[in-house]
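The block underneath contains the structure these notes are about, expressed in C-alpha cells.
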Amino acid sequence: MKRSGFTLIEVLLASTILGIGVAVMLMAASRCLGVMKRAVNFQKAQWTMSMGDLEYPIDPEDEGSLEISEDSSITEGFVYSRTAEEVEDEDMSFGEEDEGVKLFALKTTVKWSDTAPGEEAVRYVLIREKKKTDGL
C-alpha cells in the first residue's frame, strides 16, 4: 500500500521556511517606510528653511542679535530658528578701504521633533556698513 502526501516533518519545515521569509519581508518593508518618512521630513525641512529665509530676511541693522524661533506657518510641526553671530578673527583682514565690513555666521536650524536632530545649515555673510555722510 502506497501512501501519498507530506509527512509532519516536511510540513513543519515548509512552514518554518515560509515564516522566516515573511518575517524578513516585513522587516524590510518596515525599514523602507522609515527611510521614506525621513526623506519626507528632510524635504519638508529644506522647504521650511528656504521659506523661513524668505519670511525673515537678513537685516544688517540687527548687528548680529537676530534670533528667531517659532513654529513655522509654512510646514506644521516644524520649528525654524536662525542665529547670527559676528565672526571675529585677528588673521582676517578686509583691507583699509573696507573699514566697516563685518562677517557674520548664520546658523539656520529646522527641527521636526524633540528626538530628531533636525536639519542645520551654516552660511557666512559679509555685510558692509553704510557710511554716514553729512548733508547728503
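List the pairs whose first member sits in region 24-52 and is closer than 14 Å to ALA121 by Cα and among the aliphatic types (A, V, I, L, M), whose second member is in a helix (DSSP H, G or I) and open to solvent by 100 Å² or more (accessible area, probe 1.4 Å), and whose Cβ atoms are under 9 Å apart, counting only residues at least 6 apart or on separate chains?
none
Pick from LEU8, LEU33: which is farther than 24 Å from SER113 by Cα and open to solvent by 100 Å² or more (accessible area, probe 1.4 Å)?
LEU8
Say we look at region 87-136 and pick out the residues that are modelled with pLDDT of 80 or more and charged (D, E, K, R); which of these is nearest to the chain's Cα centre (by Cα)?
So the residue we want is GLU119.
In this structure, is PHE78 under 21 Å from ALA116 (Cα atoms), open to solvent by less than 50 Å² (accessible area, probe 1.4 Å) and at pLDDT 80 or above?
yes
The values are calculated or read from the model by the stated rules, or taken from the named source; none is laboratory data. Only a predicted model underlies this, so the values are computations on that prediction, with no experimental measurement involved. Because the Cβ atoms are built from the backbone with ideal geometry, glycine has one as well, and the counts that use them run over all protein chains shown. For accessibility, only protein heavy atoms count, side chains too; no ligands or nucleic acids. Shrake-Rupley method; radii C 1.70, N 1.55, O 1.52, S 1.80 Å.
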